[in-house]
Amino acid sequence: MDARLEAIRDTVLARNPGEAEFHQAITEVFESLGPVHDRHPEFLEAAILERLCEPERQIIFRVPWTDDAGRVQINRGFRVEFNSALGPYKGGLRFHPSVYLGIVKFLGFEQIFKNALTGMPIGGGKGGSDFDPRGRSDAEVMRFCQSFMTELYRHIGEYTDVPAGDIGVGGREIGYLFGQYKRITNRYESGVLTGKGISWGGSLVRPEATGFGTVIFTQEMLKTRATSFDGQRVVVSGSGNVAINAIAKAQALGATVVACSDSSGYVVDEAGIDIVLLREVKEVERGRLKDYAERRGGASYVEGGSVWDVNATVALPCATQNELDGDAAARLVRNGLLALGEGANMPSTRDAVAVFQEAGVLFGPGKAANAGGVATSALEMQQNASRDSWSFEHTEERLTEIMVGIHHRCASTADEYGDPGNYVLGANIGGFVKVADAMLAQGLI
Ligand code: NDP
């Protein structure tokens with residue numbers, strides 16, 4: 001790492017102790033940014049990096065609610081409003097027991113660059129809670145969401161901060177959150193949340209967008225090697241929103257997705273995952289992958305273990321951060337991996353990224369490859385602002401254009417900085433320069 005940046009990085013790490021994921025995200029971005037500061041010394045003089053690493057606002061709050069047995073439960077809520085240089089803070093809410101400030105900050109930091117890469121007018125933010133929706137009844141999830149919004153509402157708004165979903169937050173949760181926001185404020189402010197239901201202000205393609213976008217970005221990478229998804233053998237991790245839609249899109253483009261996972265294990269289905277059955281089990285019944293394997297002839301279920309043991313030519317990690325380490329990366333490379341697109345945020349450890357880059361695997365980092373979700377959220381905001389709703393075809397066309405544009409921006413930035421094919425460098429520099437220019441223009445705030 002460039003010595004000037006290393007000194008700034010060390011200060012940031014010391015100011016934010018115990019936040020391992022945030023440290024990892026910062027280090028990964030800083031490693032790319034040396035050459036930009038050679039060309040733009042004004043960024044150093046204006047302390048852009050120091051300002052970028054300090055969120056504009058961090059909110060932590062108590063979320064009290066009662067479970068179905070009448071017991072009082074207490075969770076912790078977070079919203080980190082990281083950077084508003086390009087637009088209102090924008091980023092999802094994660095409900096998962098592992099959530100703490102370090103996770104929210106890593107996600108919020110990544111979100112700044114991702115949102116800049118989309119070319120849309122959105123800043124970066126993220127939030128969530130250590131609440132675990134798994135195993136909770138609809139009524140419990142509703143009471144939790146209502147309590148969460150009872151504090152959050154005062155910090156958000158269509159021109160201020162626009163949350164969406166992430167792990168553990170899907171259409172059901174967004175519905176309860178929106179209902180409570182409307183009730184407290186007495187405003188039908190559609191643009192305050194994205195990921196809404198289609199009949200009440202949502203956008204077609206938003207549920208599919210992150211998974212679809214990841215596949216479109218990966219397809220663009222494959223084209224640079226004169227190939228495509230057609231005929232590829234694909235392994236996907238996760239079986240949530242992003243994973244399911246990535247599987248659907250990859251198969252629509254002619255690939256065979258032979259495995260996917262959840263936090264308990266993974267399923268191998270050599271005939272190709274049956275997307276209708278998978279949606280039924282995961283989206284309708286909120287069941288486990290084990291149930292899928294029991295109902296699908298020819299599929300096998302492996303309890304625990306690593307889905308990355310299954311050989312593939314294309315890998316799409318779509319579960320969570322640091323789910324793919326250096327050893328798993330080496331196994332995938334040995335087994336013939338050609339390309340990897342990150343549907344999840346930071347699913348590959350730094351060791352894994354080094355293995356992929358060393359081996360010449362086409363590697364699409366999350367902040368570029370999974371930006372289709374937030375980009376379609378921005379399209380949802382556009383539709384809300386104009387009181388309009390677009391067709392599936394038109395919205396998917398816009399998503400495709402945006403993903404092809406992000407791929408082009410990353411690839412051309414990597415070329416410009418002398419490291420062709422390095423999408424990590426291209427994404428980090430491409431996103432950073434846009435935000436840094438806007439921060440410079442807006443003065444010391
Ligand atoms: P979901 O909650 O719909 O699904 C998450 C999936 O990942 C589930 O299969 C879950 O398994 C698995 N998973 C979660 N945590 C772990 C863990 N610690 N270990 C193993 N498996 C785990 O979330 P999404 O699909 O929305 O999000 C997946 C990833 O994509 C996240 O990294 C998120 O930040 C990222 N992302 C999401 C976007 C969106 O639009 N939703 C946008 C951009 C990025 P189980 O059911 O067993 O918990």
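Which of the three applies to the chain, rounded, prolate or oblate, going by the alpha-carbon gyration tensor with a ≥ b ≥ c and a/c under 1.5 meaning rounded?
Cα axes put the chain in the rounded bin.
I want the antiparallel fraction of DSSP beta bridges within the chain, as a percent rounded to 5.
Roughly 55 percent of the DSSP beta bridges within the chain come out antiparallel.
Please work out the C-alpha center-to-center distance from the stretch 145-202 to the stretch 266-319 and express it in whole Å.
That distance is 32 Å.
Rounded to the nearest 500, what is the 222 nm mean residue ellipticity of the chain from helices alone, with -39500 (n - 2.57) per DSSP H run of 4+ residues and division by all residues?
Using -39500 (n - 2.57) per qualifying helix, the result is -14500 deg cm²/dmol.
Sorted by accessible area with a 1.4 angstrom probe, largest first, how do 65, 390 fall?
Largest to smallest exposure gives the sequence 390, 65.
What accessible area, in Å² to the nearest ten, does a 1.4 Å probe give for residue 89?
Its heavy atoms expose roughly 20 Å² to the probe.
What does the charge count around residue 178 come to, taking other residues whose C-beta lies under 14 Å from its C-beta (Lys +1, Arg +1, Asp -1, Glu -1)?
Counting the neighbours of residue 178, the net charge comes to +2.
Accessible area per residue for the chain in Å², computed with a 1.4 Å probe and the full protein assembly in place, what is it?
Accessible area per residue: 38 Å².
If you put +1 on each Lys and Arg Cβ and -1 on each Asp and Glu Cβ, how big is the dipole of the chain around its Cα centre, in Debye rounded to 20?
The dipole magnitude comes to about 1040 debye.
Quick one: if you take sqrt(5λ) for each eigenvalue of the C-alpha gyration tensor of the stretch 3-189, what semi-axes come out, biggest first, whole angstrom?
Gyration-tensor ellipsoid for the stretch 3-189: 34, 18, 12 Å.
Return the percentage of antiparallel bridges among DSSP beta bridges fully within the stretch 3-189, rounded to the nearest 5 %.
Around 70 percent antiparallel, to the nearest 5.
If you add up the charges near residue 398, with Lys and Arg at +1 and Asp and Glu at -1, over every other residue whose beta carbon is less than 12 angstrom from its beta carbon, what do you get?
Here the charged neighbours net out to -4.
Springs between alpha-carbon atoms under 10 Å, Gaussian network over the chain: tell me which of 125, 336, 92 tops the mean-square fluctuations.
In the Gaussian network model the winner is 336.
From the protein chains alone at 1.4 Å, what is the descending order of accessible area for 126, 249, largest first?
The ordering from most to least exposed comes out as 249, 126.
At 24 Å minimum axial length over the Cα atoms and a Kyte-Doolittle cut of 0.5, report the qualifying DSSP H helices in the chain, or say none.
101-118, 423-441
Ignoring ligands and nucleic acids, what accessible area does residue 32 show with a 1.4 Å probe (Å², nearest 10)?
10 Å²
Residue 224 accessible area, nearest 10 Å², 1.4 Å probe?
80 Å²
With a 1.4 Å probe and all protein chains in place, put 143, 350 in order of accessible area, largest first.
I get 350, 143, largest accessible area first.
Put +1 on the Cβ of each Lys and Arg and -1 on the Cβ of each Asp and Glu in the stretch 3-189; which of 103, 25, 113 then has its Cα farthest toward the positive end of the dipole?
103
How about the stretch 1-91: which trypsin sites (Lys or Arg not before Pro) there are in a DSSP loop, with at most 15 other Cβ atoms within 10 Å of their Cβ?
Listed in order of number, the matching sites are 71.
Calculate what fraction, in whole %, of the accessible area of the chain sits on carbon and sulfur atoms when a 1.4 Å probe is rolled over the protein chains.
Within the chain, the accessible surface is 49 percent carbon and sulfur.
Under 9 Å from the Cβ of residue 2, count the other residues' Cβ atoms, weight Lys and Arg +1, Asp and Glu -1, and hand me the total.
-2
Roughly how many nanometres apart are two label points built 7 Å out from the Cα toward the Cβ at residue 1 and residue 15?
So the two model labels end up 1.4 nm from each other.
Which aspartates and glutamates, on any chain, are close to residue 196 with Cα under 18 Å apart, when same-chain ones fewer than 8 places away are left out?
Answer for residue 196, where 18 Å is the Cα cut-off: 138, 158, 161, 166, 173, 208, 283, 380, 388, 396, listed by chain and number.
The values are calculated or read from the model by the stated rules, or taken from the named source; none is laboratory data. Bear in mind the structure is a predicted one, so any value in this text is a computation, not a measurement. All Cβ positions, glycine included, derive from the backbone under ideal geometry; neighbour counts span all protein chains shown. Keep in mind that these areas ignore ligands, DNA and RNA; they rest on the heavy atoms of the full protein, side chains included. Shrake-Rupley method; radii C 1.70, N 1.55, O 1.52, S 1.80 Å.
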